[in-house]
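Visitor: Handing you a structure now.
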Amino acid sequence: MKNQARFPEGFFWGGAIAASQAEGAWNIDGKGMSVADVAMYKPDIDIKDYVKQWHVGPEDIENAMNADDDAMFPKRRGIDFYHKYKEDIALFKELGFRTLRLSIAWTRIFPNGIEESPNEKGLQFYEDLFTELRKNDIEPLVTLSHYEMPLYLVNNYDGWVSREVVDMFVRYARVCFERYKGLVRYWLTFNEIDSVFRHPFTTVGVVEEKYSDKKEAETAIYQALHHQFVASALATRYCHQVIPGSQIGCMVTKTLTYPESCNPDDIILAQRDNRNNNVYTDVQVLGEYPRHLLQYFRKNKMDIRMEEGDEAILKQYTVDFISFSYYMSMVQSINAEQREKVGGNLITGVKNPYLPISDWGWQVDPKGLRVSLIDLYDRYRKPLWIVENGIGSFDKLEEDGTIIDDYRIDYFRSHFEEIANAIEEGVECMGYTSWACIDIVSASTSQMSKRYGFIYVDADDLGNGTYRRLRKKSFEWYKKVIKTNGSDL
Ligand code: BGP
């Protein structure tokens, strides 16, 4: 249906991927082992059990480091974007992308994170990749850390719990800014920095089993998070210094939480969860910890070491824009224990009876995206960029090579409608990059069969297939949306 342009001129339409889910080539050209290379495909675990699917314990690390084949480690092969990126960028160009969100794998630049000098082959790969994007008029939006930290730092430094990792990350970030300053203007620091409590190994390299109890593990995660906040602020500082005119954003998961009813007890719980979700943008956008979190540390006698000067760094080096992922909304209830559960409520598990759910139990809520945009904009008055949104599905490859993903067209149409509504209600939205624009390996379940793309990749969960790329039905639809700047949905 065609209507007048409801998206701003120059809106960054595009798609998103991540190095550790797309590139493959996990151990060539000098790349070191990352936390993603430990992630195993676990067919015997319920795909709706998000946390269990993503959990990594000491035995998993041991097993991965000694594995004699890669079949059960899908992120090691991704979709071979490392070798096929020119072909894929041609498809993104055909779609009319103005931008592509992608990440740099830290371990291609500093294999173990500790090296004095960077790995030239890794630097050259991304220089070629960003150059190819620019040749195709596609603006790179580059994430510095997207669940890809060096495994060496986990095994030898307790991950981000160690303060030294801040300097290692900042050195990595500065090398990237210096090398790519003529190619990349838009940057993101840490992907979904709030997800440290959902999967601490992948985000901050914390192995929970190493700690004697839950509180000690929680303290370690908050310590690691503090170091990431400082590293993010320092990266922001150097990005502006090295690349004049650059813009750098934070990246969070928006976990919008509804109260189940007008019962004040439900409201209080939902408010608490929404305030907790805001912590991550409060620190990176407002430049300070909210008092409720500092009080929480004091009340629970959690000794989070903050160095002299950290407070000033956080205050001075705040981000230019807020980027976020949005897949679902949550429900909070004083009676949560008695409620039906779904996989797609990352906080309480409570199912929303008004919303449909995906094959992985993720609640589909386009109006929640409009509410999230307005909430974030009203709180921070900073430009917003939706950098992840999409539907993972068991797409079917028909005999004639077509993939009829009308459900994906419906999903995006309803979400684009709500983004347009939010913009008409005053929200400043810079762009939208769908997750993932091409089928890649799922972050949480390591499945190839959890497909998000407009482009189908012929590979299964164990790496069997031709890896040829096929346009799904949604490909032509999204191409038209971009061409009409969102006026023809
Ligand atoms: C986000 C990650 C992405 C992406 C997405 C979809 O948490 O930032 O890397 O994977 O979720 O999740 P999944 O791949 O687990 O379906």
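The values are calculated or read from the model by the stated rules, or taken from the named source; none is laboratory data. This is a predicted model, so every value here is computed, not measured. Don't worry about glycine lacking a Cβ; one is built from the backbone with ideal geometry, like all the others, and counts go over all protein chains shown. Protein only, heavy atoms only, side chains kept; ligands, DNA and RNA dropped before computing areas. Shrake-Rupley method; radii C 1.70, N 1.55, O 1.52, S 1.80 Å.
Visitor: Once the cut-off is 15 Å, how many percent of the Cα-Cα pairs in the stretch 340-388 end up in the long-distance tail?
Guide: Values: 648 of 1176 pairs.
So the pairs more than 15 Å apart make up 55 percent of the total in the stretch 340-388.
Visitor: Report the net charge of residues surrounding I334, where surrounding means a beta-carbon distance below 14 angstrom and charges are Lys +1, Arg +1, Asp -1, Glu -1.
Guide: Result for the local shell: -3.
Visitor: Which GluC sites (Glu not before Pro) does the stretch 407-489 hold that lie in a coil by DSSP with at most 16 other beta carbons within 10 Å?
Guide: Qualifying residues, ordered by number: E425, E428.
Visitor: Still on this structure: Can you sort K301, K479, K450 by solvent-accessible area, 1.4 Å probe, largest first?
Guide: So the residues, ranked largest to smallest area, are K301, K479, K450.
Visitor: Based on the alpha-carbon gyration tensor of the stretch 25-184 and its eigenvalue square roots a ≥ b ≥ c, which shape applies: rounded if a/c is under 1.5, prolate if not and a/b is larger than b/c, or oblate?
Guide: Since a/c reaches 1.5 but b/c is at least a/b, the shape of the stretch 25-184 is classed as oblate.
Visitor: Just read off the accessible area of I357 with the full protein assembly in place, 1.4 Å probe, to the nearest 10 Å².
Guide: For I357, solvent-accessible area is about 70 Å².
Visitor: So what's the net charge close to I404: Lys and Arg +1, Asp and Glu -1, counting the other residues with Cβ under 14 Å from its Cβ?
Guide: -2
Visitor: If Lys and Arg each add +1 and Asp and Glu each add -1, what is the summed charge of the other residues whose beta carbon sits under 11 Å from the beta carbon of P290?
Guide: On the way: positive: R275, R291; negative: D282, E288.
Local net charge: 0.
Visitor: How much FRET efficiency would the formula 1/(1 + (r/R0)^6) give for D44 and Q295, where r is the Cβ-Cβ distance and R0 is 41 Å, rounded to 0.05?
Guide: The computed FRET efficiency comes out at 0.45.
Visitor: How do H415, H55 stack up against each other in accessible area, from largest to smallest, with a 1.4 angstrom probe?
Guide: Working: H415 0, H55 65 Å².
Result of the area sort, largest leading: H55, H415.
Visitor: What accessible area per residue, rounded to a whole number of Å², is obtained for the stretch 12-483 using a probe radius of 1.4 Å?
Guide: Working: 17780 Å² over 472 residues.
Heavy-atom SASA per residue in the stretch 12-483 reads 38 Å².
Visitor: Using a 10 Å cut-off on Cβ atoms, rank the peptides 121-127, 65-71, 439-445, 393-399 from the highest mean neighbour count down.
Guide: 439-445, 121-127, 393-399, 65-71
Visitor: Oh, and also: Quick one: with all protein chains in place, what share of the accessible area of the chain is carbon or sulfur, to the nearest percent (1.4 Å probe)? All intermediate terms of the calculation are to be shown ahead of the outcome.
Guide: On the way: 9340 of 18710 Å².
In the chain, the share of accessible area belonging to carbon and sulfur is 50 percent.
Visitor: Shifting gears a bit: Expressed as a fraction of 2.2 N^0.38 Å, the rule-of-thumb size for a compact globular protein of N residues, what is the C-alpha radius of gyration of the stretch 377-489?
Guide: Rg over 2.2 N^0.38 Å, computed on Cα atoms: 1.19.
Visitor: Another question, then. Over the chain, consider all pairs of different Cα atoms and compute the Kirkwood hydrodynamic radius from their mean reciprocal separation; express it in Å, one decimal.
Guide: Working: mean 1/r = 0.0441 Å⁻¹.
Taking the inverse mean of 1/r over all distinct Cα pairs, the chain comes out at 22.7 Å.
Visitor: A follow-up question, please. With θ set to phi - 60°, apply the Karplus curve 6.51 cos²θ - 1.76 cosθ + 1.60 along the stretch 262-279 and write out the HN-Hα couplings as whole Hz, x wherever there is a Gly or Pro.
Guide: These are the phi-based 3J(HN,Hα) values: 7, 4, x, 5, 5, 4, 4, 5, 5, 4, 4, 5, 5, 5, 5, 5, 6, 3 Hz.
Visitor: Under the rule a/c < 1.5 gives rounded, and otherwise a/b versus b/c splits prolate from oblate, where does the stretch 329-439 land using the Cα gyration tensor?
Guide: It is oblate, given that a/c is not under 1.5 and a/b is not larger than b/c.
Visitor: Further, regarding this structure: Using helices alone, I'd like the mean residue ellipticity at 222 nm for the chain: each DSSP H run of four-plus residues gives -39500 (n - 2.57), total over residue count, nearest 500.
Guide: Using -39500 (n - 2.57) per qualifying helix, the result is -12000 deg cm²/dmol.
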